[in-house]
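Read-outs throughout are calculated quantities, based only on the coordinates presented, and are distinct from any laboratory measurement. Predicted model only: the values in this text are computed from it and were never measured. Don't worry about glycine lacking a Cβ; one is built from the backbone with ideal geometry, like all the others, and counts go over all protein chains shown.
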Amino acid sequence: MINPFEDADGTYVVLVNDDGQYSLWPTYVDTPDGWTVAHPADTRQSCLDFVDRHWTDMRPRSLAESMNAPQ
Amino acid sequence: MNPTVGAAWQRDAAPRPRVRVVDEEREYSVVRQSGNEPAEDRRWLNPKPRTGEEARPEAMAAKPEISIRWIDVLAPGERRRLVEEWNATGAPVYDACLPDLFEAQVRATPEATAVVWDATEVSYAELNGRANRLAHHLIGFGVGPERLVGLTLPRGIDLIVAIVAVLKAGAAYLPVDPEYPPARIGLMLGDTDPMLLLTHSHTVGCIPPDTAAPTVVLDDTHIAARLAQFPDTDPTDADRTTPLRPQHPTYMIYTSGSTGVPKGVMMPGDAVVNLLDWHHRVVGGGVGTRTAQFTAISFDVSVQEVLSALLFGKTLVIPADETRRNAEKLVHWMQRHRINELFAPNLLVEAVCEAALEQGCALTDLRDIAQGGEALTLSRQVRDFFGREPGRRLHNHYGPSETHVVTAYTLPSDVSRWELSAPIGRPIANARMYVLDAGLRPVPIGVAGELYIAGAGLARGYLRRPALTAQRFVACPFGPPGARMYRTGDVVRWNHEGQLEFLGRADDQVKIRGFRIEPGEVTAVLGRHPQVSQAAVVVREDRPGDKRLVAYLVPEQRSAPDLGELREFVASSMPDYMVPSAFVPVAGLPLTPNGKLDRRALPAPRYGAAEAGRPPRDRREASLAQLFAEVLGLPSVGVEEDFFSLGGHSLSATRLTTRIRTTMGVDVSLPTLFEYPTVADLAPRLDMDDTRNPLDALDVLVPLRTTGVLPPLFCIHPAIGLSWCYSGLLQHLGPGRPLYGIQATGLAQPEPLPTSIEEIAATYIAHMRKVQPAGPYHVLGWSFGGLVAHAVATRLQREGEQVALLAVLDAYPLDGDSAESILDEWDAIDFIIAVVDGAAPSVKGLPLASAIAQTMELFRRQGSPLAILEEHHIGAITGILNNNVRLMPEFVPDLFHGDMLLFTAAADMAGDVPRPEKWRNHVDGAIDVHPIDSQHRELTRPAPLAQIGAVLAARLQASAMTTDSTQPLAAYRHSES
């Protein structure tokens, strides 16, 4: 009766898409199209810590790039 | 009663692999069906074929030798329907940003009235000019895309100007309700660190003094003068700090969610534009349409409310706070101002409808009410109000703050076609809904699952909370690559029309003893009672670990509902576990500033009655206390509390005696109850038990219920030899069905151990015949008892008797496979305990005497009749247990002529071969398989037993109507002394 993303004792990976958005992901479900593994199988808390450390700019990458492009 | 269809998602985090049954034509995929489904809901066992869908019954008919009815899930057509067809919501999306769309409207209708506040009316052109000046001022501060501006403004024109101005600058606005407690405001501002705060002289005081952001007090004369100097032209990208794109956030709303820690949701402009475009296509309207600016600005519905008006030429009419808070004033105000559209949460919709009816305000101009934010309960007042005006529309909108509105349902204009509750509807344009199980697979139509939302409505995430965002906005296995979906925590199901039905919160549900509860359904039923004006049903945990369902009701004026009668009214429409533990009358339902139910302000129900005095000393007292509590509408009753001082009266006393008769099979006269009005005094006077010896609990025949005109159901013990575990079936089988447990010989005094299951069967049949001399017989057995039940059934048939029911709980012939190794006394005690309390710790490691003492204490507390066991009984039970286990592999079942009802413990099925197959050669009829979401040893715990009981009750009822019984209909009485 636990949601697959809420299992404190579960094993997870961290996925990332082309826009630089991160997602927690349970290891027993296939990685969806368009996502790659950014952090390999680990505890839930370690995965979340990884996201906290790396996802510093929450703007979608495409948006951030167009903001930085010369106008 | 709405069928409570299975919660297929409620499984352990590691989902069980699907069992594949392969034949030449197709693969079946079997999912563990863990429903609370009553047997009447046969959609899963015998679905009616639909056009174009692979019809499962036909496939079954093609293979007549496979008569096991599997639960078949997601035929290819169904999956496509769920994932794609019902989500085919693609619609054109404007690439424009909100300011562009507003400005286009201004150009189209500059003189139309945009905002009305009190006596003041502001045209589109004027609103635009004022917003532009402020926007340029903000831009001068550096406000622009990716920046946040806090709004701590009272209701009024300036608030609307401020919203538009912030959007024009390209920034996002953060509404900060000035009425929030200072601590919360401080937290929000500290968390979000806005660049700037727009405020008013009346509300500037709510801003904590240590706030870093500069404030602009809009009604300050100096500020007003400065603003007048800015240009009133529309800001362009050239003016802005950086070009404005649709993906930039437009507002930030704080939401607390179930964990209680508030988080800020950043909503990008393109999501809002999508919503508004859809909304306009559904609701329509334009210049001249008057929309009440009713919702609190800190509630995200306000975005839809304000912008759906301003982007389409409508008029926003703003009521004052004191008008909003008073339903009578509000309806008069709406009448006076000819309001056409209202957005409000459920309780307010109810209040408005009720007030309008009471005040005689016809509100003929009110054409559209959009409910969002809560589950819509269609109370009498709402039906009445809408019934009077056929053109009036009620829309049910659903969507968490993280996505805004994503599904919608418009109720039929004919109120008589309204059901008990309204679905939340179909996804809006460019939104996609997925109802998934714990393995993130779509569940079948009609099955409950958790809702995940994908598509255009997704927020960017939570401000400065990447980890939280990553666990709620997750990768989406469907739709375009790289897409995300938001995990709502809401439990929903699709119906066959492609609409979603909201069933409740996942966390509310999992917490009541494993039963899936639908508080909304209970609320709806309660609301139908003529003496109830409004109701709310919530899950409370006033004692840690003790979750209860509590109903709050606002009585109709001048009425004092009988709480016990209310309880029975509710109980007549739904399963026992969904009946609230307590009914609490309140003067009114408390609301948050957003108009939603304020759960924290609800009073705690009266608990603790049972702590007064000693606990029930035996099962009889425990049962009586439970009945007292039920009839009185209380969570519990102490054994020394007087029925009448707790609120009972002669009417409820009669109800109590009836309940005692049907549940305990005992007649208690009213004078007796009046003379002995407490459980402690009454229990000894129940005639059935005056002469009973406590050790009768260890007899072979256990009379769980002796009364009833139908043939009894005999329930055979599991390996441990005891059958008190079946007493939980009493409440699920009708009062007309006697119920007997059959226990192993040799419990009370030593007897030789039987040498075969066939021998055991013969012994039990002799005992059964003392109660029921001739068929039709109804037999059930759990685990080891399932094998015995089969042996009993075949032997009865050989003797020429009719067997009308053979039910087996998760037992399978071993066909020579070896069984468990030797078990000891501690194993035996653990087995016994597991039936009574699945969470109690193992007794392994304790000295035997302590283990027994601890277990007996547990049983005493539970009121179990097994509280009398001593060490020599435990020794006997251990011997019986080991012997039974040894007998199992040697048993070769005969052939039973008839159907078998087989319950499987779905939570611990392993391997690839379906074990029900093992009965194939021993049953020549159909094997009707019902997976129960439980482990084997927990099958007689209350939640699984309720599911089993429901199926049994239906099957027994069906058999009672078709069985040709030549026995006179007389009560079967327990005649063994």
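Working ranking of peptides B:246-255, B:208-217 by packing, defined as the average number of other Cβ atoms within 10 Å per residue, highest first, is B:246-255, B:208-217.
In plain terms, the chain from B:A601 to B:A212 could stretch by 136.7 nm, reckoned as 0.36 nm per residue minus the Cα-Cα distance.
Need one value for A:29-38: mean number of C-beta atoms belonging to other chains within 10 Å of its residues' C-beta atoms.
On the way: counts 8, 2, 2, 12, 9, 8, 8, 1, 0, 0.
So the per-residue partner count for this stretch is 5.
Hey, with R₀ at 51 Å, roughly what FRET efficiency would B:V282 and B:D824 work out to, going by the Cβ-Cβ distance, to 0.05? According to the calculation, E is roughly 0.15.
Distance from the Cα centre of the stretch A:13-71 to that of the stretch B:334-389, in angstrom? The stretch A:13-71 and the stretch B:334-389 have Cα centres spaced 45 Å from each other.
Taking the mean number of other Cβ atoms within 10 Å as a proxy for protection, how do you rank B:530-541, B:802-813 from highest to lowest? Mind dumping the intermediate values first?
On the way: B:530-541: 19.7, B:802-813: 23.6.
Averaged packing, sorted descending, gives the order B:802-813, B:530-541.
Averaged over the residues of peptide B:144-154, the number of Cβ atoms from other protein chains lying within 10 Å of each residue's Cβ is 1. Using all pairs of distinct alpha-carbon atoms, the Kirkwood hydrodynamic radius of the stretch B:393-477 works out to 14.6 angstrom.
Neighbouring Cβ atoms within 10 Å as the yardstick, rank B:C715, B:C97, B:C206 fewest first.
Working: B:C715 28, B:C97 25, B:C206 17.
Fewest to most other Cβ atoms nearby, the residues stand as B:C206, B:C97, B:C715.
Placing pseudo-labels 7 Å out from each Cα toward the beta carbon at A:Y28 and B:M856 gives an inter-label distance of 4.3 nm.
Per-residue mean of foreign Cβ neighbours for B:473-481 is 6 (Cβ atoms of other chains, 10 Å radius). Length, then width, then depth: along the principal axes, the Cα atoms of the stretch B:90-156 run 37, 34, 21 Å. Going down the list B:K168/B:K263; B:K770/B:K918; B:K314/B:K596, which pairs span over 29 Å between their C-alpha atoms? Checking Cα-Cα distances, B:K770/B:K918 exceed 29 Å.
What area, in nm² and to one decimal, does the C-alpha convex hull of chain A cast on average over all directions?
Working: hull surface 21.5 nm².
Averaged projected area of chain A's Cα convex hull equals 5.4 nm².
Considering the stretch B:305-411 at the alpha-carbon level, its Rg and Dmax are found to be 13.4, 39 Å. Summarising the label geometry, the points placed 7 Å from Cα in the beta-carbon direction at A:D9 and B:R79 lie 3.1 nm from one another. Sorting B:T295, B:T706, B:T469, B:T658 from the fewest to the most surrounding beta carbons within 10 angstrom yields B:T658, B:T706, B:T295, B:T469.
Exposure proxy check: B:L787, B:L311, B:L848 ranked by fewest other beta carbons within 10 Å? Can you show the working numbers first?
Details: B:L787 25, B:L311 21, B:L848 15.
Ranking B:L787, B:L311, B:L848 by Cβ neighbours within 10 Å, fewest first, gives B:L848, B:L311, B:L787.
A cut-off under 9 angstrom between Cβ atoms defines the neighbours of B:D270, and their net charge, with Lys, Arg +1 and Asp, Glu -1, is 0. Computed from label points 7 Å out along Cα-Cβ, the spacing between B:T242 and B:L846 is 6.6 nm.
What does the charge count near B:L148 come to, summing +1 for each Lys or Arg and -1 for each Asp or Glu among other residues with Cβ under 14 Å from its Cβ?
Details: positive: A:R59, B:R147, B:R460, B:R464; negative: B:E146, B:D191, B:D193.
Counting the neighbours of B:L148, the net charge comes to +1.
Taken over the alpha carbons of the stretch B:145-281 as equal point scatterers, the Debye sum produces base-10 log I(q)/I(0) values at 0.17, 0.18 Å⁻¹ of -1.01, -1.11.
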